[in-house]
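First comes the structure, then the notes that go with it.
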Amino acid sequence: MPLTIRISRDDAGGSTVRVVPTGSLDSVTAPTFERELAPTLDSPTAKVLVLDLTGLSFVSSAGIRVVLAARKRMAERGGTVLMANLQPPVAKAFEIIRALPDLAVFKSVAELDEYLAAIQGKVRGSA
(Lines give C-alpha, C1' and ligand atoms only; values in the text may rest on other atoms or scores of the structure.)
Protein backbone atom coordinates (compact mmCIF):
# COMPACT_ATOMS: atom_id res chain seq x y z
CA MET A 1 0.00 0.00 0.00
CA PRO A 2 1.40 3.43 -0.86
CA LEU A 3 2.00 6.16 1.68
CA THR A 4 0.50 9.64 1.58
CA ILE A 5 1.76 12.33 3.92
CA ARG A 6 -0.02 15.50 5.02
CA ILE A 7 1.98 18.10 6.95
CA SER A 8 0.53 21.18 8.61
CA ARG A 9 1.51 23.79 11.21
CA ASP A 10 -0.81 23.80 14.21
CA ASP A 11 0.03 27.31 15.39
CA ALA A 12 0.94 30.70 13.95
CA GLY A 13 4.55 30.52 15.12
CA GLY A 14 5.05 27.15 13.49
CA SER A 15 6.38 25.55 16.65
CA THR A 16 3.99 22.59 16.39
CA VAL A 17 4.00 20.55 13.20
CA ARG A 18 1.42 17.84 12.61
CA VAL A 19 2.31 15.00 10.23
CA VAL A 20 -0.38 12.57 9.13
CA PRO A 21 0.94 9.57 7.20
CA THR A 22 -1.67 7.30 5.63
CA GLY A 23 -1.00 3.82 4.30
CA SER A 24 2.04 1.65 4.87
CA LEU A 25 5.35 2.87 6.30
CA ASP A 26 7.78 0.23 5.13
CA SER A 27 11.17 -0.15 3.45
CA VAL A 28 9.75 1.21 0.18
CA THR A 29 8.00 4.27 1.65
CA ALA A 30 10.33 5.08 4.59
CA PRO A 31 12.79 7.10 2.44
CA THR A 32 9.93 9.31 1.22
CA PHE A 33 8.69 9.79 4.78
CA GLU A 34 12.21 10.70 5.90
CA ARG A 35 12.54 13.24 3.06
CA GLU A 36 9.18 14.80 3.90
CA LEU A 37 10.13 15.14 7.58
CA ALA A 38 13.54 16.72 6.83
CA PRO A 39 12.36 20.37 6.55
CA THR A 40 10.59 20.11 9.91
CA LEU A 41 13.56 18.40 11.56
CA ASP A 42 15.85 21.13 10.19
CA SER A 43 13.54 24.00 11.16
CA PRO A 44 14.69 25.97 14.21
CA THR A 45 11.10 27.06 14.90
CA ALA A 46 9.60 23.53 15.02
CA LYS A 47 9.61 22.41 18.65
CA VAL A 48 6.89 19.75 18.66
CA LEU A 49 6.42 17.16 15.94
CA VAL A 50 3.05 15.42 16.24
CA LEU A 51 2.76 12.17 14.32
CA ASP A 52 -0.95 11.49 13.92
CA LEU A 53 -0.95 7.82 12.94
CA THR A 54 -4.70 7.41 12.50
CA GLY A 55 -4.32 6.30 8.89
CA LEU A 56 -1.13 4.27 9.24
CA SER A 57 -2.06 0.64 8.71
CA PHE A 58 1.42 -0.95 8.80
CA VAL A 59 4.92 -0.07 9.99
CA SER A 60 8.13 -2.02 9.41
CA SER A 61 11.49 -1.64 11.09
CA ALA A 62 12.46 0.86 8.36
CA GLY A 63 9.51 3.06 9.34
CA ILE A 64 10.27 2.73 13.03
CA ARG A 65 13.87 3.73 12.32
CA VAL A 66 12.67 6.97 10.67
CA VAL A 67 10.48 7.78 13.67
CA LEU A 68 13.30 7.07 16.15
CA ALA A 69 15.75 9.16 14.09
CA ALA A 70 13.24 12.03 14.03
CA ARG A 71 12.85 11.77 17.81
CA LYS A 72 16.61 11.90 18.25
CA ARG A 73 17.03 14.93 15.95
CA MET A 74 14.22 16.83 17.66
CA ALA A 75 15.63 16.02 21.12
CA GLU A 76 19.09 17.26 20.09
CA ARG A 77 17.64 20.75 19.69
CA GLY A 78 15.22 20.68 22.62
CA GLY A 79 12.17 19.53 20.68
CA THR A 80 9.95 16.52 21.05
CA VAL A 81 8.05 13.97 18.97
CA LEU A 82 4.58 12.91 20.06
CA MET A 83 2.64 10.05 18.50
CA ALA A 84 -1.14 9.86 18.57
CA ASN A 85 -3.93 7.64 17.30
CA LEU A 86 -1.84 4.53 16.75
CA GLN A 87 -3.91 1.73 15.25
CA PRO A 88 -3.56 -1.61 17.13
CA PRO A 89 -1.14 -3.28 14.67
CA VAL A 90 1.12 -0.21 14.58
CA ALA A 91 0.97 0.24 18.36
CA LYS A 92 1.98 -3.41 18.77
CA ALA A 93 5.01 -2.95 16.49
CA PHE A 94 6.23 0.02 18.57
CA GLU A 95 5.52 -1.92 21.77
CA ILE A 96 7.63 -4.85 20.55
CA ILE A 97 10.56 -2.58 19.66
CA ARG A 98 10.40 -0.89 23.08
CA ALA A 99 10.29 -4.25 24.83
CA LEU A 100 13.36 -5.69 23.12
CA PRO A 101 16.43 -5.28 25.33
CA ASP A 102 18.73 -6.06 22.40
CA LEU A 103 17.69 -5.41 18.81
CA ALA A 104 20.32 -7.92 17.64
CA VAL A 105 17.93 -10.69 18.66
CA PHE A 106 16.85 -10.78 14.99
CA LYS A 107 19.28 -12.14 12.39
CA SER A 108 18.36 -9.49 9.83
CA VAL A 109 16.06 -6.59 9.09
CA ALA A 110 14.07 -8.92 6.85
CA GLU A 111 13.54 -11.31 9.76
CA LEU A 112 12.43 -8.44 12.00
CA ASP A 113 10.03 -7.18 9.32
CA GLU A 114 8.54 -10.66 8.90
CA TYR A 115 8.01 -10.89 12.66
CA LEU A 116 6.41 -7.43 12.85
CA ALA A 117 4.12 -8.24 9.90
CA ALA A 118 3.01 -11.49 11.52
CA ILE A 119 2.30 -9.82 14.88
CA GLN A 120 0.42 -6.94 13.25
CA GLY A 121 -1.60 -9.45 11.21
CA LYS A 122 -2.62 -11.27 14.40
CA VAL A 123 -3.58 -8.00 16.11
CA ARG A 124 -5.53 -6.89 13.03
CA GLY A 125 -7.40 -10.21 13.06
CA SER A 126 -8.43 -9.83 16.72
CA ALA A 127 -9.38 -6.15 16.54
Original post:
Residue check: is Leu68 touching a Leu at 6+ places or on another chain (Cβ under 6 Å), closer than 24 Å to Glu114 by Cβ and not hydroxyl-bearing (Ser, Thr, Tyr)?
Top reply: no
**OP:** All but one of (1) open to solvent by 40 Å² or more (accessible area, probe 1.4 Å); (2) at pLDDT 70 or above; (3) part of a helix (DSSP H, G or I) hold for Gly121, so report the exception by its number.
**Re:** (1)
**OP:** Name, by its number, the condition in (1) of a type in the set (Phe, Trp, Tyr); (2) open to solvent by less than 80 Å² (accessible area, probe 1.4 Å); (3) at pLDDT below 75 that does not hold for Tyr115.
**Re:** (2)
Subject >> Positions within the range 65-88 being open to solvent by 20 Å² or more (accessible area, probe 1.4 Å) and assigned to a helix (DSSP H, G or I), in sequence order >> reply: Arg65, Leu68, Ala69, Arg71, Lys72, Arg73, Ala75, Glu76, Pro88
**OP:** May I ask you to say which residue of Ala62, Ala91 is in a helix (DSSP H, G or I), at pLDDT 90 or above and not hydroxyl-bearing (Ser, Thr, Tyr)?
**Re:** Ala62
**OP:** Mind checking which strands (runs of 3 or more DSSP E) fall wholly inside the range 1-56 and carry at least 3 residues that are over 19 Å from Phe94 (Cβ atoms) and either of a type in the set (Val, Ile, Thr) or open to solvent by 20 Å² or more (accessible area, probe 1.4 Å) (or both)?
**Re:** 3-9
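The values are calculated or read from the model by the stated rules, or taken from the named source; none is laboratory data. As the structure is a computational prediction, the values presented were derived from the model and not from experiment. Glycine gets a Cβ as well: all are built from the backbone with ideal geometry, and neighbour counts include every protein chain shown. The accessibility values were calculated without ligands, DNA or RNA, using every heavy atom of the protein model including side chains. Shrake-Rupley method; radii C 1.70, N 1.55, O 1.52, S 1.80 Å.
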